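The values are calculated or read from the model by the stated rules, or taken from the named source; none is laboratory data. Small disclaimer: the values here were computed from a predicted structure and weren't measured. Please note: Cβ atoms are built from the backbone with ideal geometry, for glycine as well, and neighbour counts cover all protein chains shown. For accessibility, only protein heavy atoms count, side chains too; no ligands or nucleic acids. Shrake-Rupley method; radii C 1.70, N 1.55, O 1.52, S 1.80 Å.
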Amino acid sequence: MLRSVIKRTMSTKPSPYKAKVTSVSPLPEGGKWIQTRKIEYTDPNGSDRQWEMAVRTTRSDTTNIDAVSIVSILHHIDKPKELVLVQQFRPPTEHVVIELPAGLIDPKESVETTAVRELHEETGYIGKFRNSSPIVYSDPGLTNANMVLAYVDVDLKDERNQNPKPKLEDGEFIITFTLPLDNLRQELDKVCEKEGCTVDARLYHFAMGLELAKTQLT
C-alpha cells in the first residue's frame, strides 16, 4: 500500500481545528444566506402534502447554479497522482471537514471562471478548466441547493504551481493538502482517524466510486 503524504501549504493563519461552536439558537425568518420555505405539492396518489426546505439566497441569475465543486488531479513525474483537497471547520457539523475545493458562483460569473478562481483562492493552484458535470443536488431531501462538479487541470511545470499560496478571505481558515488518488478512500479514513476530522459525503462517494471501479470492473 502506498504511504500517504499530506503536503500542507504555507499559511500564517491559525488552524481550523481551533474553531468551536459556542451556541446554537433559532434563526429569525429571512436569514442573510439561507432561508426556509414550506412546499405544498400533490403526490402520485393525488393527495395533498407539505415539505419543508432550505434555500440559498445567493443563487446566480446567470447560471441558475449555486456552487462549483472542483476535482484537480496532480500528475507528478516521479510519484503517483494526487488529488487536491481542503480542510475547514464547518459549524453545523462541529468538525473540521475534508472536502474538494469549492465555492459559490458570483453574480454574472460562469462555471468556468468560478472553478478556476475558487481553486486559486482556496489552494493557490492555477489551473485550466476542462469540463463539468450536469447540475446535481447535494441534499435533495433538505434543500434545492445545487452544484456542478468541475474538472480543472493543474500544470505542475508552471512555475506558479511550484509553491502555491492560497488567497484566503479574512473569515476563511483552510488547510490545503493532497492525498494519493490510488486507495483514496483508505487514505481519507487514515486522516480522519489520526486528526479527528470527518469527510464531506460527496468526496467520500467519489472515493468509493474509484474503489468500486478498480475492484468490481476489472
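Miscellaneous remarks
- Applying the set (1) out of contact with any Ser or Thr (no Cβ under 8 Å at 6 or more places or on another chain); (2) among the hydrophobic types (A, V, I, L, M, F, W, C); (3) closer than 25 Å to Pro180 by Cα to Ala115 leaves exactly one unmet item: (1).
- Single unsatisfied condition, Val96 versus (1) open to solvent by 20 Å² or more (accessible area, probe 1.4 Å); (2) not in a loop (DSSP other than H, G, I, E, B): (1)
- Condition met for Val86 (in contact (Cβ under 8 Å) with a residue 60 or more places away in the chain, under 16 Å from the mean Cα position of the chain (by Cα) and on the phi < 0 side of the Ramachandran plot): yes
- Taken together, the residues in the stretch 59-114 that are among the basic types (Lys, Arg) and modelled with pLDDT of 95 or more amount to 1.
- Count of the stretch 165-209 residues, restricted to those that are of a type in the set (Asp, Glu) and touching a Leu at 6+ places or on another chain (Cβ under 8 Å), is 3.
- Strands (runs of 3 or more DSSP E) enclosed by the stretch 100-218 - at least 2 residues per element that are open to solvent by 40 Å² or more (accessible area, probe 1.4 Å) and either assigned by the TED database to the domain that holds Ser72 or more than 17 Å from Gln87 (Cα to Cα) (or both): 127-132, 146-154
- Screening Asp61 on (1) in a loop (DSSP other than H, G, I, E, B); (2) assigned by the TED database to the domain that holds Lys190; (3) open to solvent by 50 Å² or more (accessible area, probe 1.4 Å) shows it passes everything except condition (2).
- The set of residues in the stretch 51-82 being touching a Pro at 6+ places or on another chain (Cβ under 8 Å) and not charged (D, E, K, R) consists of Ser60, Thr62, Ser69, Ile70, Ser72, Pro80.
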